[in-house]
1. Report, by residue number, each residue of region 255-306 that is among the polar types (S, T, N, Q) and surrounded by fewer than 20 Cβ atoms within 10 Å (Cβ to Cβ).
2. Does region 66-106 hold any residues that are more than 17 Å from Met129 (Cβ to Cβ), free of Cβ contacts under 8 Å to residues at least 60 places away in the same chain and in a strand (DSSP E or B), and which are they?
3. Looking at region 170-202, which of its residues are of a type in the set (Gly, Ala, Ser) and farther than 27 Å from Val74 by Cβ?
4. Within region 227-259, can you find the residues that are of a type outside the set (Phe, Trp, Tyr), under 20 Å from Ile206 (Cα atoms) and in contact with a Phe, Trp or Tyr (Cβ under 7 Å, 6 or more places away or on another chain)?
5. So which residues in region 116-172 are acidic (Asp, Glu) and either closer than 16 Å to Glu82 by Cα or in contact with a Pro (Cβ under 8 Å, 6 or more places away or on another chain) (or both)?
6. What pairs come up if the first residue lies in region 163-176 and is closer than 21 Å to Val71 by Cα, the second is in a loop (DSSP other than H, G, I, E, B), and their beta carbons are under 7 Å apart, counting only those six or more places apart or on different chains?
7. Checking Thr84 against (1) more than 16 Å from ligand 3 (Cβ to nearest atom); (2) at pLDDT 95 or above: exactly one of these is not met. Which one?
Amino acid sequence: MNRRKFIIGSGLVGLGLASRGFSAPANHPFAVVLGTAQDGGYPQAGCKKECCRGLWGDVTKRRDVASLGIVDPVTNQRWFIECTPSFPRQVRRLDEAYPKLTGKLDGILLTHAHIGHYAGLIHLGHEVMGTKSIPVHAMPRMENFLRTQGPWSQLVGLKNIRLSPMRDGRAFGLNKRLRVTPFLVPHRDEFSETVGFQIEGPKQKILWLPDIDKWGKWKTPLEKVLKEVDVAYLDGTFFANGELPGRDMSKIPHPFIAETMHRLKDQPASVRAKVRFIHLNHTNPAHHSDGFAAKQIRKAGMQVAEQGERVEL
Ligand SMILES: [Zn+2]
Ligand SMILES: [Zn+2]
Ligand SMILES: [Zn+2]
């Protein structure tokens, strides 16, 4: 662990956020960030550009696809928010975060059917884990997609997974002290609708929102949502316009981190401090904690989420 990570983690304990070195009180449920990258991970397949060139040889700089693990040490349960192409490493990461529950899998919550958010389900099939009736929480279109399209339909047919329907705005309990509310957001919904999650524990509430087109297209104001939670993991796919030279970025809309910083600039520091950016594209300069982009984000009172960080729930 480098020095910067330690400092950031220590500073955030007061907000209920903790770095890898901090252990939460034994009984509190908690969330662990299992990855912070966009669907393709970081570095990304086939990228010969500066952003990824030097990374293959340095494991410490790689970032897995955005995902959150939830652990309840009292009921001995754990869940995955998203099931990403990095799933095998993320299972391992969650094992390490709380070794007592190694191998346990009590459910998976899916936001949408873009490859970075569900393709890891392949590992639940009989070729790999051969799981038995793992609850997979999905919205109606997502549920139908998994039920009817191979290879996912085989997971349903062989009862490796058990689809559990979710509804927009309707809270449901993971257990007696953890509640999740899915909410629809505008996104490129080719195969499924897209949701974010509010996850509520006895102590804190977390927002998980890796993919959304633009804040202005969402009927709910971002500021209102931020008021309701303690920590907000927000779509930070791109830092600013022009990040993909030669590509029309309006075709792949996301709120640029620069736009989110600008939008929230007049919010109290306590609100801005809730924001932790996730889902960073390989081209995003904010991947570098010492670079200009990360510095600007910190100056704006926000943070880039770190793989391995924990939040008490
Ligand atoms: Zn995504
Ligand atoms: Zn790259
Ligand atoms: Zn997406």
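The values are calculated or read from the model by the stated rules, or taken from the named source; none is laboratory data. Not measured: the values here are computed from a predicted model. When we count neighbours, we look across all protein chains shown, and the Cβ atoms used for this are built from the backbone with ideal geometry, even at glycine.
1. Those that are among the polar types (S, T, N, Q) and surrounded by fewer than 20 Cβ atoms within 10 Å (Cβ to Cβ): Gln267, Ser270, Ser289, Gln296.
2. Val71 - this is the single residue of region 66-106 that is more than 17 Å from Met129 (Cβ to Cβ), free of Cβ contacts under 8 Å to residues at least 60 places away in the same chain and in a strand (DSSP E or B).
3. Passing the criteria: only Ser192.
4. Let us first name the residues in region 227-259 that are of a type outside the set (Phe, Trp, Tyr), namely 227-232, 234-237, 240-255, 257-259.
Now narrow it down to the ones that are under 20 Å from Ile206 (Cα atoms): 227-232, 234-237, 255, 257.
Selection gives Leu234, Gly236, Pro255, Ile257.
5. Answer for region 116-172, where residues must be acidic (Asp, Glu) and either closer than 16 Å to Glu82 by Cα or in contact with a Pro (Cβ under 8 Å, 6 or more places away or on another chain) (or both): Glu143, Asp168.
6. Between residues of region 163-176 that are closer than 21 Å to Val71 by Cα and residues that are in a loop (DSSP other than H, G, I, E, B), the close pairs are Met166/Met139; Phe172/Met166; Leu174/Gly107; Asn175/Thr75.
7. With respect to (1) more than 16 Å from ligand 3 (Cβ to nearest atom); (2) at pLDDT 95 or above, Thr84 is out only on (1).
Quick grid of which residues meet (1) surrounded by fewer than 20 Cβ atoms within 10 Å (Cβ to Cβ); (2) of a type outside the set (Lys, Arg); (3) farther than 30 Å from Lys49 by Cα:
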| site | (1), (2), (3) |
| --- | --- |
| Lys176 | yes, no, yes |
| Phe183 | yes, yes, yes |
| Arg188 | yes, no, no |
| Pro210 | no, yes, no |
| Leu222 | no, yes, yes |
| Val229 | yes, yes, yes |
